[in-house]
Amino acid sequence: MAFYKDHYQVIIIGGGLAGMACALQLQAKGVSDILILEKHNLPGGLATSYVRNGVEMEATLHEMMSIGPKEDRLKVGQFFDEMGVDIDWLRVPEAYRFVETEKGIDITLHSGFKKMAHEIEKKYPGWGRKVYDFMNLCNRVYDSMNYLSTHQMGKLKMLKEHPDFVRTLGYTAQQVLDTYHFPEDVQDILKAYWIYVGNPTDTLPFTIFAFLLADYFRGGSYVARGFSHEMSMKMERKVEEQGAQFEFCQEVTKILVKDGRVYGVRTKRGDEIHCDYVVSGAYPNRVYSQMIEPASEVPEGAIKVINAKKLSVCPVSVMMVLDGTPEELGIHDYNIFSTNNMHMDELWANSKTLGPYHYLTSICLNLANPDCCPQGLTQFSITALPLVNAFEGVKEEDYFALKRQLAREMIGTYEKTTGIVIHDKIREIEVETPVTVSHYVGAWKGSIYGYAHDMQDHVVARLQTADSERFIRGLQFAGAHGISGDGMGPQITNGRAAAKGILDSLKEEK
Amino acid sequence: MSGIKVKGFFQDVTGVNRIVKAREESFKEASSVNSQTDPVRALADAIHPDRQVFTVTKVYEASPTARTFRFEPENGHIAPFQCGQYVNFYLTIGSSKVTRAYSISSAPYQARGEKPFFEITIRRNRPYFVPDWFFESVKEGSKVTAALPFSQFYYEPLRDSDHIMALAGGSGITPFASMAKEIAYESTHDDAPYQTLKNVDLTILYGSVKHTDIVCGDQIEEARKQAPDQIHVVHVMSDDPEWEGEKGFVTREIMEKYSTPDMTYFFCGPLPMFNMVKKNLTEMGVPEKRFRHDAIAQPSNVKMIPGFPEDQVGKTYQLTVMRGIQKDVIPAKADEPVAVALERAAIPVDTHCRAGECGFCRSQLLKGSIFVSPLGDGRREMDKEMGWFHACSSYPTSDLTIKIPII
């Protein structure tokens, strides 16, 4: 019985967003002999959904970035359009509400630089103009970043044409923010998204912070009407229509290497399949420490890289279906960031524990997608993004109790901060932890956020040195561990970058 | 030149050199020892293990027509589970490869410690494919392949009332046998590995035909004696003249009689009883969130499935099955789920709940038409729209081409 051909041009490990984007990009450039092997029985990795008692529940933090409205598509939106992946996008109504109890901050910001600056001006008279300037700086960095990630340019020309990008490269988000001398409250409000890039602002590169702020406030964010699963399913269908073989329930355990070059993979069920190129959705940590066969083919440089890199944050998410409409429950905001304080040191220390967590983000999906639930119900989640370390010592017997404790604390904190009562309205509840992520998608230590964006691993430095970090010929990586880092939007970029790597080698080898 | 000034021109424009250098330095200084491990994956694997081999170490009577089978793991490890969850067996019976799920009837604490085990209890009151095999072929010393635990049918303190009414019919008692044993143990042992059910009150309303049909009666009675304040058992006999307790079906009157305010109702049993209980709860004004039920297997009599196209009964279609580039053509009866056709042809298919809910047997319809049972249709909206179906609860209504995972 033969389930596979003897040989494929490209094997992609993992049918997540990055793996599928890689396949689409390759197909667009004429490479069609592709096999995708996915561990789970669904496409999309974490961009999926599940059904509990007849109600479909979103599995992710689920905002898609860099989409933009139809008439002004941003990078990722353009890619989907060009690839013919037709997704029913719904625009998220506001950027966020930010609630900080220590200083009593409570403000809601919408996308659009003018609009959000105006909203800040209303509460902090005299500062709207400066916020607007700051957002425009972020936007210039955003444009430069998008341009330069796909174009080579000399240093002098870069300085001339992208001065703000160049001049802020060497600084942290905090250092650049400080030059604006904002009042503390305004700074705190602007920092609310910090957790979405998983690093405190005093070690977070400004480039990344600016990119994130501009992306959210310029284009707004989007969700698919049919949940993240719609995006994943439509990508998968397109990839298959264009001739790729896509197999579910196939975990790749080994990447076969000879004389410094990949030649195939082996799956958990024992199939050995040969190919010219491998794109790994598995983290470099897993690949270099466990998957390369023989292990003697792992270069020392690769080990040094995985030992030097720090993992970013991981999710603890309480996902609920609540009895009652958002209105009946008193939930008026799609997204609330809430915290008792904005002292980065303290929040960062808190994120290294097993809770109770202080910095929470809540999402009410109904407010972006009113049809996400049967009538009279609300889909609601509360998420903390801690570091994985504290989870490494959890015992299996204690795991269920820990999940419940975390959920109870997070619900309690949310209720206390917002005054909205939900604990007695729970109809369905699931608690997602790094262990959940590890089980379903196999991500290293359950990390959804790839490697920490800090000044030792700056995204632009990653781009500059990418070539010298291809340790094994024919092996590319595509996932949150890629250069662009975490988030569903960046996964599309990471997947395309992996495709570009293969296309470049194909050209060279010709 | 316009633009921001952070610390001064020279300092600003040389940032790129600094970040590249910082990155290179961090790699240079890093250890070159290849020793990374992933304890989170180890924990995930311990909680969700793959299929394992188990040895049957005890078989004993659970009623005149039911037997309890005890299983011990060859590798010494059983994943933590919660009362109400099931174990999925992977069996070869004759020329068929089949999977079957059975609720665990032993308690979670019994799967910890030095000699961990779990038990299932099967009733065979009439000849039936898989129960027959268990009764005839599984003895002490037999080895079977199984995976556990699965399902969301368990007490969730974040959601459920700590006053539970268990509504059981026939062999649907097994999840509640597990629950009763665990309550008894937790409430009498401060060092119990789990404390989830310590303070839970459990009232079991158990419907049988005759008292000789009661499954796990002794096991539950033993638990009740240990925690008489927490566990209450009410048997209801539908056709037993000798019985002196409650008689008839599990009616609204009986349910109301034993209910206390704000209970969570758990149901496990056959489809007709499910329909009755659901109706009773609605009439009693019990909110939907207070009703939890186990997956209810698709009835083998398709006439019980609402909307089943009756003209299909007796027809056989051609089923083309794609697994990767492998193509097999097999027959498929119109009144059997697609999964059964695969099992008869010994094509492995990973069914679990066999109720349409859990999605393990999610498959792709490439050509042809199917009837999907509306009982427990657990598909995602996009799956419905894009032609994906659950093989355990979908019936062919034409020749079909499908794609399933390679197992």
Residue A:187-residue B:258 FRET efficiency (beta carbon distance; Förster radius 56 Å; 0.05 resolution)
0.40
If each DSSP helix of 4+ residues adds -39,500 (n - 2.57) and the sum is divided by the residues in chain B, what number results at 222 nm, nearest 500 deg cm²/dmol?
-7000 deg cm²/dmol
Whole-Hz ³J(HN,Hα) from phi, Karplus 6.51 cos²θ - 1.76 cosθ + 1.60, for the range A:3-8, glycine and proline x:
9, 10, 6, 5, 8, 10
Between 0 and 90°, nearest 10: helix A:227-241 axis offset from chain A longest Cα axis
20 degrees
0 to 90° range, to nearest 10: angle between helix A:128-148 axis and chain A longest Cα axis
0 degrees
Given R₀ = 25 Å, FRET efficiency for residue A:91-residue A:325 by Cβ-Cβ distance, to 0.05?
0.75
Determine the distance separating the Cα centre of the range B:44-78 from the Cα centre of the range A:219-257; give it in Å without decimals.
37 Å
Mean other chain Cβ within 10 Å across A:461-468 is 3
Can you compute the modelled spin-label distance between residue B:209 and residue B:397, with each label point 7 Å from Cα toward Cβ, in nm?
3.4 nm
P(r) for the range A:1-159, please, calculated from all Cα pair distances in 5 Å bins and given in %.
2, 6, 10, 13, 14, 14, 13, 11, 8, 5, 3, 1, 1, 0, 0
Straight-line reach from residue A:114: which aspartates and glutamates have Cα under 12 Å away, leaving out those fewer than 8 places along the same chain?
A:133
Which of A:75/A:234; A:115/A:191; A:39/A:191; B:225/B:278 exceed 26 Å between C-alpha atoms? The answer is A:39/A:191; B:225/B:278
Taking 7 Å along the Cα-to-C-beta vector as the label spot, tell me the residue A:398-residue B:226 distance in nanometres, rounded to one decimal.
2.5 nm
Report the net charge of residues surrounding residue A:332, where surrounding means a beta-carbon distance below 11 angstrom and charges are Lys +1, Arg +1, Asp -1, Glu -1.
-2
12 Å reach of a label modelled at residue A:509, 7 Å along Cα-to-Cβ, counting backbone N of the range A:466-501
A:473-476
Relative contact order, percent, of the range B:303-403 when contacts are C-alpha pairs under 8 Å separated by at least 6 residues?
35 percent
Would you tell me the mean number of C-beta atoms belonging to other protein chains that fall within 10 Å of each C-beta in A:49-56, as a whole number?
5
Summed buried accessible area for B+A [probe radius 1.4 Å, Å², rounded to 100]:
7800 Å²
Take every Cα-Cα pair in the range B:130-235 and report what % of them are more than 22 Å apart.
41 percent
Cα pair distances in the protein assembly as shown, grouped into 10 Å bins until the bin that holds the longest one, percent each:
2, 11, 20, 24, 20, 13, 7, 2, 0, 0, 0
Computed over the range A:271-372, the convex hull of the Cα set has an average projected area, in nm², of 12.2 nm²
Hey, if you put +1 on the Cβ of every Lys and Arg and -1 on every Asp and Glu Cβ in the range B:163-293, which of B:284, B:216, B:243 ends up farthest toward the positive end of that dipole?
B:284
Quick one: Debye curve from the C-alpha atoms of the range A:23-113, no solvent, what's log10 I(q)/I(0) at q = 0.11, 0.12, 0.23 Å⁻¹?
-0.55, -0.64, -1.26
What does the extension gain come out to for residue A:261 and residue A:415, with contour length at 0.36 nm per residue minus their alpha carbon separation?
49.9 nm
For chain A, what is the percent of antiparallel DSSP beta bridges, rounded to the nearest 5?
65 percent
At 1.567 mPa s and 4 °C, Stokes D of chain A from Kirkwood alpha-carbon radius, µm² per second:
55 µm²/s
Straight-line reach from residue B:315: which lysines fall under 16 Å, measuring Cα to Cα and dropping same-chain residues less than 8 apart?
B:303, B:333
Where the Cα pairs of the range B:1-118 fall when distances are cut into 10 Å bins, in %:
10, 25, 19, 9, 9, 10, 11, 5, 2, 0
Assuming 0.36 nm per residue, please report the length gained on full extension of the stretch residue A:242 to residue A:274 beyond their Cα-Cα distance.
9.4 nm
Please work out how much length the chain gains when fully extended from residue A:251 to residue A:371, using 0.36 nm per residue of separation minus the C-alpha to C-alpha distance, in nm with one decimal.
39.7 nm
Evaluated at 10 °C and 1.306 mPa s, the Stokes-Einstein D of chain B based on the Kirkwood radius over Cα pairs, in µm²/s, stands at 66 µm²/s
In degrees between 0 and 90, to the nearest 10, how far off the longest principal axis of chain A does helix A:399-418 point, with axes built from Cα atoms?
40 degrees
Most packed first (mean Cβ within 10 Å per residue), the peptides B:359-368, B:51-60 order as B:359-368, B:51-60
Give the lysines reachable from residue B:28 as a straight Cα distance under 29 Å; neighbours fewer than 8 places away on the same chain don't count.
A:155, A:254, A:258, A:304, A:309, A:310, A:352, A:445, A:500, B:7
For a label point 7 Å along the Cα-to-beta-carbon line of residue B:275, residues of the range B:372-407 with backbone N under 14 Å:
B:374-376
Given H placed 1.01 Å from N in the peptide plane, which residues other than close sequence neighbours of residue B:233 have an amide H under 5 Å from its amide H?
B:204
Quick check on chain A: helices-only [θ] at 222 nm, where DSSP H runs of length 4 and up contribute -39,500 (n - 2.57) each and the sum goes over total residues. Nearest 500, please.
-10500 deg cm²/dmol
Reference-scaled alpha-carbon Rg (2.2 N^0.38 Å with N residues) for the range B:163-293:
1.03
Using alpha carbon centroids, what distance separates the range B:102-132 and the range A:322-370, in Å?
42 Å
With a point put 7 Å past each Cα toward its Cβ, work out how far residue A:72 is from residue A:55 in nm, to one decimal.
3.6 nm
Seen from all sides and averaged, what is the projected area of the convex hull of the Cα atoms in the range B:256-386, in nm²?
9.9 nm²
What do you reckon, how do B:316, A:60, A:179 stack up by accessible area (1.4 Å probe), largest on top?
B:316, A:179, A:60
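The values are calculated or read from the model by the stated rules, or taken from the named source; none is laboratory data. Everything numeric in this text was worked out from a predicted model, so none of it was measured. Every residue, glycine among them, receives a Cβ derived from its backbone with ideal geometry; neighbour counts consider all protein chains shown. These area figures cover heavy atoms from the full protein model, side chains too; ligands, DNA and RNA do not enter into them. Shrake-Rupley method; radii C 1.70, N 1.55, O 1.52, S 1.80 Å.
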